[in-house]
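Here is the structure we will look at.
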């Protein structure tokens, strides 16, 4: 089989580097282009020394018209507001596009512009874009040209409580998601808030009631129940490099038992290679998903408060970004969905 020719636009950010690493270990892929504005014309292995003796590729500019004619798939690992300018129908005619950014995740242009405070330049593509959560949209992903790869908080949050919402087991007006992320979630750019002295020995909530992943979570859960859902989402920054832990709370509907809850999760995810439903009283920990494409989900109930509590962990750079993008690529090209991704991760790290 001829190898899939791939380009990574924005290859020198944290998600871009993780994606590059996965693709160089993917037996069905040839990485043809790595682009970077910051490190234009520099060898990738000079930027990331871990690529010494692996590649001599030099970072180029991101001319998508040219690149799309020479590749089968383009990964966009860019900040929000850029992809909607770059992705055109002509580009999609030539190559598949998997966007790791936010520009095509929300179906409503006005909601996107409100929460991201930027103009969307290709609203005609919003309905075509497929939300790239394989555990929910696998069949649609297989035939798509444009994949909107979900965010890290959203992947962890949606997969955590999707079965509860889909099966109408909870009061959807009571959903609260408390999520914590490592510092790589803020990107590789210079930002005072993520300097070592600002984050070490510290934990803080941020963007309370205003985080941009909120409407994305609400959109997908609303689709699950075919009903408008509004929820409370609060992110926290914790002093570690990578990983997300999301703990979600909701009131159980009348008559719902603990067995009902476990059964619906087992049924929903019984064939999912990257979803691990943990045994009773086992708690998800970020160290067990670090460097992997897995999500670990722990299920708990509190009879005193009639709450269900779902705790879940992922690696924000893998299942929350690059790994999921490769999972989507595997589906697009009719490959084994796990190819290049089935790893136990790194421990201790």
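Side notes on the structure shown:
- Sole exception among (1) in a helix (DSSP H, G or I); (2) closer than 22 Å to residue 13 by Cβ; (3) touching a helix residue (DSSP H, G or I) at 6+ places or on another chain (Cβ under 6 Å) for residue 85, by number: (3)
- Residues that are buried (at least 20 other Cβ atoms within 10 Å of the Cβ) and assigned to a strand (DSSP E or B) were ranked within region 232-246; the one that is nearest to the chain's Cα centre (by Cα) is 244.
- Residue match in region 109-125 (condition: assigned to a loop (DSSP other than H, G, I, E, B) and touching a strand residue (DSSP E or B) at 6+ places or on another chain (Cβ under 9 Å)): no
- Filter result for residue 259 (out of contact with any helix residue (DSSP H, G or I) (no Cβ under 6 Å at 6 or more places or on another chain), surrounded by fewer than 19 Cβ atoms within 10 Å (Cβ to Cβ) and part of a helix (DSSP H, G or I)): yes
- Count - residues of region 44-68 that are in contact with a strand residue (DSSP E or B) (Cβ under 8 Å, 6 or more places away or on another chain) and either assigned to a loop (DSSP other than H, G, I, E, B) or on the phi > 0 side of the Ramachandran plot (or both): 6
- The one condition in (1) within 20 Å of residue 135 (Cα to Cα); (2) in contact with a helix residue (DSSP H, G or I) (Cβ under 6 Å, 6 or more places away or on another chain); (3) not in a helix (DSSP H, G or I) that residue 168 fails to fulfil: (2)
- On inspection, residue 40 does not qualify as buried (at least 22 other Cβ atoms within 10 Å of the Cβ) and modelled with pLDDT of 95 or more.
The values are calculated or read from the model by the stated rules, or taken from the named source; none is laboratory data. None of these values were measured; they are calculated from a predicted model. Positions of Cβ are generated from backbone atoms using ideal geometry, with glycine treated the same way; all protein chains shown enter the neighbour counts.
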